[in-house]
Amino acid sequence: MHLDLLAVITAFGLIFLAELPDKTMFASLAMGTRMRPLYVWFGTSSAFVVHVAIAVGAGSLIGLLPDWTVKLVSASLFALGAFLLLRGSGGDDDDEAEVKTVTGFWPVYSTAFMAVFISEWGDLTQITTANLAASNGTWSTAIGSAAALMSVSALALLAGKSIAKRVPLKTVQRIGGLCMLGLAVWTAVEIFTG
């Protein structure tokens, strides 16, 4: 196993910048307001590692999946997330009611894992990772890409935790739900325009 530090840094930089404004970052932020952030991070990070392994090991397989199917499932998951967040945020008249959060390692982990695993198929970062692996080496690209993706997820979860301390949880959940709804619509539109 040969590691090229420049290739690791290149992969990290490119993938970090590509993932930063990505829908997965916003999904992580939204999940972090409703679920335990560390468990969400474990789930998203595991999904990212799997995607990096797939991208560097068999990048050509991505092209075999029907793009519209992946986007339809992704849009459905974002819509479900929006529904759960908006339903859980309640109305203004029940401010005293405590908002329940999803607890337990496995439910949170599996939710976060599946949300990222399904929505990242054929994503720009996965395609970029596959391309970098072809020219810069498998292990260097894998390490740089995985570290970048996990860093963006951690950044989103930390921001979510910080925001939740300053803004009422119901407001954060409403905003997160609206963002998830927007992502569902955006992904659904991509089915017909992509």
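The values are calculated or read from the model by the stated rules, or taken from the named source; none is laboratory data. None of these values were measured; they are calculated from a predicted model. Because the Cβ atoms are built from the backbone with ideal geometry, glycine has one as well, and the counts that use them run over all protein chains shown. Ligands, DNA and RNA are stripped out before the accessible areas are found, and what is left, the full protein with its side chains, is counted by its heavy atoms. Shrake-Rupley method; radii C 1.70, N 1.55, O 1.52, S 1.80 Å.
Quick notes on this one:
- When residues in segment 110-122 are screened for being open to solvent by less than 50 Å² (accessible area, probe 1.4 Å) and over 25 Å from Leu3 (Cβ atoms), 8 of them pass.
- In the set (1) at pLDDT below 80; (2) out of contact with any strand residue (DSSP E or B) (no Cβ under 9 Å at 6 or more places or on another chain); (3) part of a helix (DSSP H, G or I), Leu84 fails one condition alone, (2).
- Candidates in segment 132-161 are the residues that are of a type in the set (Gly, Ala, Ser) and at pLDDT below 75; of these, the one that is least open to solvent (accessible area, probe 1.4 Å) is Gly160.
- Within segment 9-22, the set of residues being surrounded by fewer than 22 Cβ atoms within 10 Å (Cβ to Cβ) and not hydroxyl-bearing (Ser, Thr, Tyr) comprises Ile9, Phe12, Gly13, Leu14, Phe16, Leu17, Ala18, Leu20, Pro21, Asp22.
- Checked against (1) at pLDDT 85 or above; (2) within 19 Å of Phe12 (Cα to Cα), Met31 passes all but a single condition, namely (2).
- Among the residues of segment 111-138, those identified as over 13 Å from the mean Cα position of the chain (by Cα) and assigned to a helix (DSSP H, G or I) are Ile127, Thr128, Thr129, Ala130, Asn131, Leu132, Ala133, Ala134, Ser135, Asn136, Thr138.
- Ala53 vs. criteria assigned to a helix (DSSP H, G or I) and crowded, with 24+ Cβ neighbours inside 10 Å: no
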